[in-house]
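Chemist: The structure follows.
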Amino acid sequence: MALKAVHVSDVPNLDQVPENAALALISSTRFTQCEDSKNPFKFPKFVVVGHRGNGMNMLQSSDRRMKAIKENSIRSFNVAAKLHLDFIEFDVQVTKDDCPVIFHDNFILTEEKGSIIEKRVTDITLAEFLSYGPQKEDGKVGKPLYRKLKDGTILEWKVEEDDPLCTLQESLEKVETRVGFNIELKFDDQLAYKEEQLKHILEAILKVVFEHAKDRHIIFSSFQPDAAQLIRKLQTSYPVFFLTNGGCEIYRDMRRNSLDDAIKVCSEGGLQGIVSQVKAIFRNPGAVARIHEAKLSLITYGQLNNVPEVVYVQYLMGVEGIIVDLVHEITESVSTFTDLAEYKGENRKLKTKTKLQFSKDELPFLLRLIPELMQS
């Protein structure tokens, strides 16, 4: 059965992604941790990772799916876990009093007496952080929560299913242990960090993980190259991936500006993989082979990963997984072109289901996808 194609020029954002994007259900398997740093980390299957749980919130979007459940919340994580995806991804920052909390934005906003009050998450205590939004205690009212968009627009953070803000420890204790965590170590691009600052922050995060992760599969990732390399030095139990947009945006830190630079960061720091903006992979498809030659794993992120055909192209290219917002739709569509690996002793045998089929009208999408992305 063919999926409805979506031309890339018609998908500038998630408002244009069709809702009927998928067909069956994917299940999970076990992942090998990274205790031996000399052993390359490999996913045993094509993995689906839920972005900020069941998908990020786009408050400006007309698509109700993007405002259904509060992102980076226990509710969102557990809803995603029920869909049998492999990992959920979320952002961790450390408060002023050294508590790792889950929140994407560098600043948290509220409204007081008609004025917007903006504070840096890392400059407030845990108690103040948890005072924003819905409260766990009956009858207690939290501060109204607002969000500033990239264009400066400020919107009240309203979703259909709200949930209190949470800590890393809570997520490890309250989310189904079968689902792995891709913990993004969040740092502000506008700040310069000294090694002792990074070490203090990372040790606070590692303390919680070592005490509460138990058998859960964990991957660390970060756009901050020094933080990614340092957390690898501080521990060898969990794999570390370097996040990069692969040149889709340019930064002062040259290590962040290409996939080849990302390979170098990983090789120099003993990291296990790369998480790339999907557009960078299509603009530079030859990098996939170079990443694999460097014995690194590769997964991607970006709004185009919410289009089933884009996911299928990556599967054929050798990408090992995708971070997505439309978790239900994409986990179902992935199951139409791949099946779990079956292990018999030391021999890995892959049973293949019927691959995703494209009609003659849909094939031009695949042919035009890569060059159009490279020109955009």
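The values are calculated or read from the model by the stated rules, or taken from the named source; none is laboratory data. Just so it is clear, the structure is predicted and the values come from calculations on it, not from any experiment. We place every Cβ from the backbone using ideal geometry, glycine too, and count neighbours over all the protein chains shown. The protein model used for the area step is the full one, side chains on, heavy atoms only, and it has no ligands, DNA or RNA in it. Shrake-Rupley method; radii C 1.70, N 1.55, O 1.52, S 1.80 Å.
Chemist: Could you list all residues from the stretch 144-169 that are open to solvent by 50 Å² or more (accessible area, probe 1.4 Å) and in contact with a helix residue (DSSP H, G or I) (Cβ under 9 Å, 6 or more places away or on another chain)?
Modeler: Scanning the stretch 144-169 gives Lys158, Glu160, Glu161, Asp162, Gln169.
Chemist: Would you pick out the residues in the stretch 169-192 that are touching a Cys at 6+ places or on another chain (Cβ under 9 Å) and more than 18 Å from Asn54 (Cβ to Cβ)? Can you show your working first?
Modeler: Filtering the stretch 169-192 down to residues touching a Cys at 6+ places or on another chain (Cβ under 9 Å) leaves 169, 174.
Once the filter is applied, which keeps residues that are touching a Cys at 6+ places or on another chain (Cβ under 9 Å) and more than 18 Å from Asn54 (Cβ to Cβ), the stretch 169-192 yields only Gln169.
Chemist: So which residues in the stretch 116-153 are over 22 Å from Lys207 (Cα atoms), within 24 Å of the chain's Cα centre (by Cα) and of a type in the set (A, V, I, L, M, F, W, C), if there are any at all?
Modeler: Leu145, Leu149, listed by residue number.
Chemist: Any residue in the stretch 36-57 that's within 16 Å of Leu298 (Cα to Cα) and among the charged types (D, E, K, R): show its pairings with residues that are at pLDDT below 95 and open to solvent by 20 Å² or more (accessible area, probe 1.4 Å) at Cβ separation under 6 Å, as long as the two are six or more apart or on different chains.
Modeler: Lys45/Thr29; Lys45/Leu340
Chemist: Where residues in the stretch 170-200 are basic (Lys, Arg) and under 24 Å from Leu130 (Cα atoms), which of them is surrounded by the fewest Cβ atoms within 10 Å (Cβ to Cβ)?
Modeler: Initially, the stretch 170-200 is screened for residues basic (Lys, Arg), giving 174, 178, 186, 194, 199.
From what is left, the residues that are under 24 Å from Leu130 (Cα atoms) are 174, 186.
Working: Lys174: 12, Lys186: 23.
That would be Lys174.
Chemist: Still on this structure: Give the residue, chosen from Val141, Val179, Val208, that is of a type in the set (Val, Ile, Thr) and closer than 22 Å to Ala68 by Cβ.
Modeler: Details: Val141 fails: closer than 22 Å to Ala68 by Cβ; Val208 fails: closer than 22 Å to Ala68 by Cβ.
Being of a type in the set (Val, Ile, Thr) and closer than 22 Å to Ala68 by Cβ holds for just one of Val141, Val179, Val208, which is Val179.
Chemist: For the stretch 152-162, check the following and say yes or no: at least one residue is under 28 Å from Val48 (Cβ atoms), out of contact with any strand residue (DSSP E or B) (no Cβ under 8 Å at 6 or more places or on another chain), of a type outside the set (D, E, K, R) and at pLDDT 95 or above. Steps first, please.
Modeler: Here is the first cut: in the stretch 152-162, the residues under 28 Å from Val48 (Cβ atoms) are 157-162.
Among the residues that remain, those that are also out of contact with any strand residue (DSSP E or B) (no Cβ under 8 Å at 6 or more places or on another chain) are: 158, 162.
Among the residues that remain, those that are also of a type outside the set (D, E, K, R) are: none.
Within the stretch 152-162 (the criterion being under 28 Å from Val48 (Cβ atoms), out of contact with any strand residue (DSSP E or B) (no Cβ under 8 Å at 6 or more places or on another chain), of a type outside the set (D, E, K, R) and at pLDDT 95 or above), the answer is no, since none of the residues qualifies.
Every residue, every condition in (1) in contact with a Ser or Thr (Cβ under 9 Å, 6 or more places away or on another chain); (2) β-branched (Val, Ile, Thr); (3) touching a residue at least 24 places away in the same chain (Cβ under 8 Å); (4) part of a helix (DSSP H, G or I), yes or no:
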position: Lys150; (1), (2), (3), (4): no, no, no, no
position: Leu155; (1), (2), (3), (4): no, no, yes, no
position: Pro164; (1), (2), (3), (4): yes, no, yes, no
position: Arg178; (1), (2), (3), (4): yes, no, yes, no
position: Glu184; (1), (2), (3), (4): yes, no, yes, no
position: Tyr193; (1), (2), (3), (4): no, no, yes, no
position: Leu198; (1), (2), (3), (4): no, no, yes, yes
position: Leu202; (1), (2), (3), (4): no, no, yes, yes
position: Lys207; (1), (2), (3), (4): no, no, no, yes
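Chemist: Take the residues of the stretch 238-290 that are among the aromatic types (Phe, Trp, Tyr) and under 15 Å from the mean Cα position of the chain (by Cα): which is farthest from Ile218 (Cα to Cα)? Let's see the steps before the verdict.
Modeler: Start the filter on the stretch 238-290 by keeping residues that are among the aromatic types (Phe, Trp, Tyr), which leaves 238, 241-242, 251, 282.
From what's left, under 15 Å from the mean Cα position of the chain (by Cα): 241-242.
Working: Phe241: 11, Phe242: 14 Å.
My answer is Phe242.
Chemist: Please give the helices (runs of 4 or more DSSP H) falling wholly within the stretch 232-343 in which 2 or more residues are aromatic (Phe, Trp, Tyr) and open to solvent by 10 Å² or more (accessible area, probe 1.4 Å). So that I can check it myself, show each step before the final result.
Modeler: Working: elements: 259-269, 278-283, 286-293, 308-317, 327-334.
Answer list for the stretch 232-343: 308-317.
Chemist: Filter the stretch 100-119 down to the residues that are part of a strand (DSSP E or B), open to solvent by less than 50 Å² (accessible area, probe 1.4 Å) and not aliphatic (A, V, I, L, M) and list them by number.
Modeler: So the first thing to find is which residues in the stretch 100-119 are part of a strand (DSSP E or B), and the list is 100-102, 107-112, 115-119.
Filter once more, so that each one left must be open to solvent by less than 50 Å² (accessible area, probe 1.4 Å): 100-102, 108-110.
Pro100, Thr110 - these are the residues of the stretch 100-119 that are part of a strand (DSSP E or B), open to solvent by less than 50 Å² (accessible area, probe 1.4 Å) and not aliphatic (A, V, I, L, M).
Chemist: Might you let me know whether the stretch 120-140 holds any residue that is in a strand (DSSP E or B) and surrounded by 16 or more Cβ atoms within 10 Å (Cβ to Cβ)?
Modeler: Quick first cut of the stretch 120-140, residues in a strand (DSSP E or B) only: 120, 132.
When the remaining residues are screened for being surrounded by 16 or more Cβ atoms within 10 Å (Cβ to Cβ), the result is 132.
Yes; the residues of the stretch 120-140 include at least one that is in a strand (DSSP E or B) and surrounded by 16 or more Cβ atoms within 10 Å (Cβ to Cβ).
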